[in-house]
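Just below is one structure, and these are the notes that go with it.
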Amino acid sequence: MARKIHLNPWRTDVKTREFSQVSGSSQQYEVDFSSVATERGTTVSSVTWTDQSGGQIVFATQSLTDGVAAADINSETWSPTAQGVRIEATYADGATERAYFTIKFKQLGRRA
């Protein structure tokens, strides 16, 4: 089951969400830009996933369908601190929108 983030086109703040996941496991994350695109009267033409934490995160099986960006995310190393992820959508009209979240990669049997 994917972990989902739905963007509110009328938001006035930026909220970073935090997830946790076992290191070495793959988890699908979805970021839904479709509401923002509909409000703007455009479509999402591309997305870019970026590791903001020094290259420990691996993005696999990336897709974009009807304004929903999806990627399987994994990290082979655990970390006691959250690792940052940025997703940037580019709309057909040239505008961009960013979403952020963090992941705490945990090691089974270890409390971090």
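Could you pull out the residue among Ser63, Ser23 that is farther than 26 Å from Leu108 by Cβ and either touching a strand residue (DSSP E or B) at 6+ places or on another chain (Cβ under 7 Å) or surrounded by fewer than 16 Cβ atoms within 10 Å (Cβ to Cβ) (or both)?
Just one listed residue meets the conditions, Ser63.
Restricting attention to the stretch 44-60, report how many residues are over 19 Å from Val22 (Cα atoms) and surrounded by 16 or more Cβ atoms within 10 Å (Cβ to Cβ).
The qualifying residues number 3.
Taking Glu30, is it under 13 Å from the mean Cα position of the chain (by Cα) and either closer than 24 Å to Gln107 by Cα or not in a loop (DSSP other than H, G, I, E, B) (or both)?
So Glu30 fits the description; yes.
Is it the case that Ala71 is of a type in the set (A, V, I, L, M, F, W, C), assigned to a strand (DSSP E or B) and surrounded by fewer than 16 Cβ atoms within 10 Å (Cβ to Cβ)?
No, not satisfied.
Any idea how many residues of the stretch 48-60 are part of a strand (DSSP E or B) and without any contact (Cβ under 8 Å) to a residue 24 or more places away in the chain?
2
From the list Thr77, Thr12, Thr38, pick out the single residue that is loosely packed, with under 14 Cβ neighbours inside 10 Å, modelled with pLDDT of 90 or more and among the hydroxyl-bearing types (Ser, Thr, Tyr).
Thr38
Pick out the one residue from Val31, Val22 that is modelled with pLDDT of 90 or more and not basic (Lys, Arg).
Val31
For residues that are part of a strand (DSSP E or B) and among the hydroxyl-bearing types (Ser, Thr, Tyr), scanning just the stretch 74-100, find the one that is farthest from Arg17 (Cα to Cα).
Going through the qualifying residues, I end up with Tyr91.
May I ask you to verify whether Val68 is in contact with a helix residue (DSSP H, G or I) (Cβ under 9 Å, 6 or more places away or on another chain), under 23 Å from Ala95 (Cα atoms) and modelled with pLDDT of 95 or more?
yes
If you check Ser45 against the conditions, is it closer than 20 Å to Tyr91 by Cβ, over 15 Å from the mean Cα position of the chain (by Cα) and not in a loop (DSSP other than H, G, I, E, B)?
For Ser45, the condition - closer than 20 Å to Tyr91 by Cβ, over 15 Å from the mean Cα position of the chain (by Cα) and not in a loop (DSSP other than H, G, I, E, B) - is met.
The values are calculated or read from the model by the stated rules, or taken from the named source; none is laboratory data. Just so it is clear, the model here is predicted, and its values are computed rather than measured. When we count neighbours, we look across all protein chains shown, and the Cβ atoms used for this are built from the backbone with ideal geometry, even at glycine.
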